[in-house]
Amino acid sequence: MRFELSKEFLENLRIKIAEQDTSWIKVNILELHFADIAEILDKLSNEEAKYVYFQMDEDLQADVLMELEEDIRDRFLASLSSKEIADQLENLDSDDAADILGELPEEKIQEVIAQMEDDEAAEDIVDLLNYDEDTAGGLMQKEFLKARVDWPVNRCLVELRRQAEDVERVYTIYVVDELNKLVGFLSLKRLLFASPKTKIVDLYQDKNVISVKSSDSSEEVAKVMEKYDLLAVPVVDLQNKLVGRITYDDVVDVIKEEADKDFQLATGLSEKVESNASVWKISRARLPWLFIGMLGGILGAQVISGFETSITLVPALAFFIPLITAMGGNVGVQSSAIVVQSLAKGNNSTGGIGPKLLKEGIVAIVNGVLLSALIFGIAYMFENGTLGFVVSISLFTVIVFAAVFGTLIPLLLNKYKIDPALATGPFITTLNDVLGLFIYFTVGMLLYDL
């Protein structure tokens, strides 16, 4: 049964915390799913959350800690001593522990590492901190199962039982040689049914071994796991030595973060913000693109002022300014969104810029012809045939240009390693507004012979 957090439940919980009613908390809170517990802690004060948190066992603490909202978790950890943080990290998978530790100040990191009693866990975390967080090395965890190719089954089972103490989820058994180089995978079913003296070399699979390099980007890892439908992927170094694994839950986080970042860029936010962020942080994220939008508006006003005489002589030209700017922005965003989506899926390897421009150009021509024919009749009813021709020709031209720019800009941004999602936001809209106005009034001057 799903848990629904209510205001009444929270008020009752705060009363029980004040009364230090641990039995009620254990029955009504600690029996819930860890995601539900994290949701509850997100709503409590720091002291209240700490009281509930330290009623949990180590495994539950680890799960809840990783489910907390990032800013809540940061504030919660900041209230703990270095020893308390070290104790929490030892209960986490190495990748999660490294992520949390990496968010702390350098001085605090050293203190926490020094307080860790598990030297092997501390060594793994320090190793992971050396990788860039946006690479496979920064995503991977050190807990995995591996077997030597020259081991007999009986020794392999003993070794795997020892390794499994630190592995929460077993997806694959990796097979390595004497130099720790990845050579293949081992089926758990074949291992269990094999005779004790059978060597792993006779059981493992060495074909279609999919792995990623520790230096590969997180986006590349996500593409590999999506393409091959993997629950986990091994990570190797430049010598093909096995150094870790990445599980699907970490990749889901990457995909979500990338989607959030792209959406925020497309809607004009320059940094990640939450709804409960401070006023200053939200304003700081929005201001850069608002300035760009304002600059575009100023340029648009300059274009209009340059054609002031034309508008004075033919006031009806002003009627269709919103139409021209809106259509240019819409077409540009549509074209750029399709290209950005294609790039995000890794479909930029086949064909160059030319074929994509040609395809979008043809689509724009088809749409432009249909919409221009429709607007001709509407503009004709406003005044006369000349206005109809001005609006229809301008609209057709604006649609084609907007489609070309909407396709070209994200491709060029991607080529120069700039996030192409920039092209789906205010940037492309502002550019098309200014260009659309210039085209519209230029066509108007030519056809009205002004």
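The values are calculated or read from the model by the stated rules, or taken from the named source; none is laboratory data. What you see is a predicted model, and the numbers here were worked out from it, not measured in a lab. Every residue, glycine among them, receives a Cβ derived from its backbone with ideal geometry; neighbour counts consider all protein chains shown.
Just name the residue that is farthest from residue 171 (Cα to Cα) out of those in the stretch 98-151 that are of a type in the set (A, V, I, L, M, F, W, C), part of a loop (DSSP other than H, G, I, E, B) and touching a strand residue (DSSP E or B) at 6+ places or on another chain (Cβ under 8 Å).
Of everything passing the filter in the stretch 98-151, 151 is farthest from residue 171 (Cα to Cα).
Step by step: first the residues of the stretch 1-31, then only those that are surrounded by 11 or more Cβ atoms within 10 Å (Cβ to Cβ) and within 29 Å of the chain's Cα centre (by Cα), then the one that is modelled with the highest pLDDT. Which residue is that?
Checking each candidate, the answer is 5.
For the stretch 217-227: of the residues being buried (at least 20 other Cβ atoms within 10 Å of the Cβ) and in contact with a strand residue (DSSP E or B) (Cβ under 9 Å, 6 or more places away or on another chain), which is farthest from residue 139 (Cα to Cα)?
225
Does residue 142 meet the test of being at pLDDT 90 or above, surrounded by 15 or more Cβ atoms within 10 Å (Cβ to Cβ) and of a type in the set (D, E, K, R)?
In short, yes.
Please enumerate the residues belonging to the stretch 77-119 that are crowded, with 20+ Cβ neighbours inside 10 Å and small (Gly, Ala, Ser).
Scanning the stretch 77-119 gives 86, 94, 97, 98.
Does any residue of the stretch 33-46 turn out to be aromatic (Phe, Trp, Tyr), surrounded by 15 or more Cβ atoms within 10 Å (Cβ to Cβ) and modelled with pLDDT under 90?
no
Looking at 327, 381 in this structure, which one is surrounded by fewer than 20 Cβ atoms within 10 Å (Cβ to Cβ), assigned to a helix (DSSP H, G or I) and either touching a Ser or Thr at 6+ places or on another chain (Cβ under 7 Å) or aliphatic (A, V, I, L, M) (or both)?
381
Within the set of pairs 6 or more residues apart or between chains, which connect a residue that is modelled with pLDDT under 85 inside the stretch 425-436 to a residue that is outside any helix (DSSP H, G or I) with Cβ atoms less than 6 Å apart?
425/268; 426/268
Please state which of the following conditions residue 120 fails to meet, knowing it meets all the rest: (1) over 23 Å from residue 230 (Cα atoms); (2) in the same structural domain as residue 243 (by TED's automatic domain parsing); (3) not aromatic (Phe, Trp, Tyr).
Status for residue 120: all satisfied but (2).
Going through 207, 213, 199 one at a time, which residue ends up being surrounded by 14 or more Cβ atoms within 10 Å (Cβ to Cβ) and either more than 30 Å from residue 70 (Cβ to Cβ) or of a type in the set (Asp, Glu) (or both)?
Result of the check over 207, 213, 199: 199.
Would you check which residues across the stretch 57-90 are out of contact with any helix residue (DSSP H, G or I) (no Cβ under 8 Å at 6 or more places or on another chain), farther than 20 Å from residue 142 by Cα and either acidic (Asp, Glu) or touching a residue at least 60 places away in the same chain (Cβ under 8 Å) (or both) and list them?
Correct list: 57, 70, 71, 74, 84.
Answer yes if at least one residue in the stretch 404-423 is over 25 Å from the mean Cα position of the chain (by Cα) and either in the same structural domain as residue 299 (by TED's automatic domain parsing) or at pLDDT 80 or above (or both), and no otherwise.
Checked the stretch 404-423: at least one residue is over 25 Å from the mean Cα position of the chain (by Cα) and either in the same structural domain as residue 299 (by TED's automatic domain parsing) or at pLDDT 80 or above (or both).
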